[in-house]
Amino acid sequence: MADTIVAANWKMHKTTGQAIEFACGLKDVLFKKPVSATVVIAPPFTSIEALGVEFKDSGIFLAAQNMHEASHGAYTGEISGKMLTAAGCRYCILGHSERRRIFGEGNALINAKIIAALTCGLMPIFCIGETLAERESGAMFTVLTGQLKEGLNKVTVDDIQKIIVAYEPVWAIGTGKTAATGQIQEAHLFIRNLLSEMYGTTAAAAISIIYGGSVTPANIGSLMAEKEINGVLVGSASLDLGSFLEIIYFQ
Ligand code: PEP
């Protein structure tokens, strides 16, 4: 059975001081009242090491928001997967629509990053999703198929178990426009069926497929009531501790 994941993507927000303050507050609450979901925080690179110390043995896990596909070398300004695991990361968000759109990352590069992450023991949170224009022109399933098949090129059946797929329709990210639960169910079922074709039904059933796009305390209950939604990736609403706590204690 797929695990339930609640992951916070802080994007380019919070200084290390602000990140530590949030982390201490989160840790205190979780210590007193454990949650059943796996809680993951993806801070900016500058806070990873400090939060690695804060979260040690806390049951809260760290993710990076990006990484370079090479293991090391002359890549000024870049960070490798090995550096991230050494700093305490368990996961790495890859294929986020902001990386695709703003930084021009395509499926082949994302695939290289996924392979590199797996090689150094990082679990990819692999984001896919269509734009509004793609949805409206009827290209949504073709786009999702390309992103999944090309992004997972050469990923083995053993390694697919280490990947979380995040369905993030681009039109729902940071817009306040959450996708309707029916739309999410349809996309998640499509993704799981495709994963079944690629890896077999048993392997596909164990993969967590999470949803991202304007998740808030107000809509988390209805999202998590859907059988095909195995968790959420939260941007804006994860920045405030109170709001993030309402999301993780959705039950
Ligand atoms: C995201 O960027 O992954 C995201 C889901 O953002 P938001 O929750 O702000 O839509």
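The values are calculated or read from the model by the stated rules, or taken from the named source; none is laboratory data. No experiment lies behind these values; they were computed from the predicted model shown. FYI the Cβ positions are ideal-geometry reconstructions off the backbone, even for glycines, and counts take in every protein chain you see. Ligands, DNA and RNA are stripped out before the accessible areas are found, and what is left, the full protein with its side chains, is counted by its heavy atoms. Shrake-Rupley method; radii C 1.70, N 1.55, O 1.52, S 1.80 Å.
What the table below lists for this structure:
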| item | result |
| --- | --- |
| Relative contact order %, the chain, counting alpha carbon pairs below 8 Å whose residues are six or more apart | 21 percent |
| Accessible area (Å², per residue) of the chain, counting only protein heavy atoms and a probe of 1.4 Å | 45 Å² |
| Listed peptides 101-107, 189-195 by packing density, highest first (mean Cβ within 10 Å) | 189-195, 101-107 |
| Between the range 1-45 and the range 64-115, the Cα center-to-center distance that results, in Å | 20 Å |
| Lysines whose Cα lies under 19 Å from that of Lys14, excluding same-chain neighbours fewer than 8 positions away | Lys27 |
| Whole-percent carbon and sulfur share, accessible surface of the chain, 1.4 Å | 56 percent |
